[in-house]
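Below is one structure, written out as structure tokens; comments come after it.
The values are calculated or read from the model by the stated rules, or taken from the named source; none is laboratory data. Remember, it's a predicted structure, so these values are computed and weren't measured experimentally. Here the Cβ positions follow ideal geometry from the backbone for every residue, glycine too, while neighbour counts run over all protein chains shown. These area figures cover heavy atoms from the full protein model, side chains too; ligands, DNA and RNA do not enter into them. Shrake-Rupley method; radii C 1.70, N 1.55, O 1.52, S 1.80 Å.
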Amino acid sequence: DIQKRYQDIPYGWREIDIAAVMAILIYNQRVTIKYSGETVRASDAKLIELLRRRTEIGKTVVQKHKLMSAQKIDEAVEFLEDYLQVMSIPKDENGLVEFILEKLKEKKQVYKNLLIRYGGYNSVKYPGQAVLNKAVAIIDHILMKQTDNIALVDALLAVQDDLEDIIDALDDVEQFFESQSGLFEEAFYFESN
């Protein structure tokens, strides 16, 4: 509809001009692009195609961007500083959401890699498996909301207390596997023989 409206009289804009204006609006966080109901991030490489290809235009929806409150952004940044032990967290909505997605996916992969060490025949009964499973479930719950910025941050803030309850235990499990797992394995095998 946008392409058709602005290419017709009285505007007469070219398709590329309309796509350029859309890109400026996306960059300035004034509009949100949805493709088949899913939000397309500004960093997504296929965004240009969605704004220009005639076959994709019908499935692409442009909506006025709903701004996230500054209070929610501040709360999310404060929590992430504590949880991830980092200080340089973006304070703009798009940067924050990209940061959340990237870091939570990294944490989830770390936890899943540690959970792999619990499996297998004759496996050592390492401590902390329940904490890792809970952390992965919480992160999965948050990541399910990744199609909407506000819903993602709301989900993060909703499980903030649950994550805060297990942060110390997660740090202990990660440190255990970094430095103490070898000694634990030796003791486990010595005890079982």
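Worth pointing out:
- Prolate/oblate/rounded call for the chain, Cα gyration tensor, a/c under 1.5 rounded: prolate
- Each peptide in 129-141, 157-169 gets a packing score, the mean of other Cβ atoms within 10 Å over its residues, and the list from highest to lowest is 129-141, 157-169.
- Expected 222 nm ellipticity per residue - DSSP helices of 4 or more, -39500 (n - 2.57), all of the chain, to 500: -19500 deg cm²/dmol
- Annotation: extensible slack from TYR27 through GLU178 equals 50.2 nm (criterion: 0.36 nm per residue apart, minus Cα-Cα distance).
- Accessible area (Å², per residue) of the chain, counting only protein heavy atoms and a probe of 1.4 Å: 63
- Solvent-accessible area of LEU47, all protein chains in place: 20 Å² (probe radius 1.4 Å, heavy atoms, ligands and nucleic acids excluded).
- Loop-located trypsin sites (Lys or Arg not before Pro) in segment 1-87 whose Cβ has at most 15 other Cβ within 10 Å (DSSP): ARG14, ARG30, LYS46, ARG53, LYS59, LYS66
- The portion of the accessible surface of the chain made up by carbon and sulfur, rounded to a whole percent, is 52 (1.4 Å probe; DNA, RNA and ligands excluded).
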